[in-house]
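Report on one structure; see the data block that follows.
The values are calculated or read from the model by the stated rules, or taken from the named source; none is laboratory data. Being a predicted model, the structure only gives us computed values, none of them experimental. Here the Cβ positions follow ideal geometry from the backbone for every residue, glycine too, while neighbour counts run over all protein chains shown. Calculation scope for accessible area: heavy atoms of the full protein, side chains included, ligands and nucleic acids excluded. Shrake-Rupley method; radii C 1.70, N 1.55, O 1.52, S 1.80 Å.
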Amino acid sequence: MRKFSKVLAVILAVLLVASAFAGCGKKTDDSSKNDASAKTYIIYSDNSFAPFEFLDKESNAYIGIDMDILAAIAEDQGFKYEMHNEGFDPAMGAVQSGQADAMIAGMTITDERKETFDFADGYYEDGQILVVKDDAKIASEKDLAGKKVAVKLSTQGATYAESIKDKVGFTTSSYEGSPEMYQAVATGNADACFEDSSVVKYAIVNEKLALKTVGDVINPSQYGFAVKKGTNAELIDMFNKGLANIKANGKYDEILAKYGG
């Protein structure tokens, strides 16, 4: 009987030790688990890029295609976020510095940008187009020789203008936002600019700008939701899944229709 008691005591001791280790292991797993639903992501965007993001004067809130797509995806996937509409160049800087978790700002996916950012699946296709004053005689890029072209910092329009300016023979002047760039062309401080086609066409109609587009769309590409390279993989995954879902259930088409897309 005494021998049996000793054996039983040893077995109980072993079970207690094993239980203690198992408890420690579970605690470690829980502490390392990445629960996206408990996190509030900081997301940056442009502040004047209609119809993708712009300030609604009535509500004093930022609205647009990007704003609505992100809201719909967040609802579908169950994550929270805090939006900062600071401008395109500041948004890129915020993501690169780690101040922001991601950005959505009509950002064209390019190989060069893939060196710095990880992109979700493309959610909208657009390209650049030549824009001039509505009474200008400029009919093609060749007519820009000797002219001044306005560009918006860090955009594909700026990249394209810089890539052809020496060949064509024009100079460039940089602006922080699209409205300032449009104003420069409308007032004659610049002869032309390159801007995303859907954006400038929306502005011409809705803001009654004294501008017109010339020629065809250049380099059509996809817009992408972006994070700093190597970070926030779970956010990219949720965006992709949510985008597929809102396309399947019709919400995506509703958003585009809402803004004339």
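Summary of values
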item: Full-stretch length increase - S97, T231 - with 0.36 nm per residue and alpha-carbon distance subtracted; result: 47.1 nm
item: Apportionment of accessible area to carbon and sulfur, the chain, percent (1.4 Å); result: 52 percent
item: Cβ-Cβ FRET estimate between T213 and N249, R0 fixed at 30 Å, reported to 0.05; result: 0.35
item: Relative contact order, percent, the chain [alpha-carbon distance under 8 Å, six or more residues apart]; result: 25 percent
item: Karplus-derived 3J(HN,Hα), 6.51/-1.76/1.60, for each residue of segment 245-256, Hz, glycine and proline x; result: 5, 6, 6, 5, 8, x, 5, 4, 5, 5, 5, 4
item: Cα radius of gyration and Dmax for segment 106-228 (Å); result: 14.3, 43
item: Pairwise FRET efficiency - I164 versus E115, Cβ, R0 = 22 Å, nearest 0.05; result: 0.45
item: Calculated diffusion of segment 83-133, Stokes-Einstein form, Kirkwood radius summed over Cα pairs, 25 °C and 0.890 mPa s, µm²/s; result: 196 µm²/s
item: Range of Cα positions in segment 181-261 per principal axis (Å), largest first; result: 47, 31, 21
item: Ellipsoid semi-axes in whole angstrom, largest first, where each is sqrt(5λ) of the Cα gyration tensor of the chain; result: 54, 19, 14
item: Potential extension, E176-V205 segment - 0.36 nm per residue separation minus Cα distance; result: 8.2 nm
item: Structure-based [θ]222 nm, the chain - -39500 (n - 2.57) summed over DSSP H runs of at least 4, per residue, nearest 500; result: -14000 deg cm²/dmol
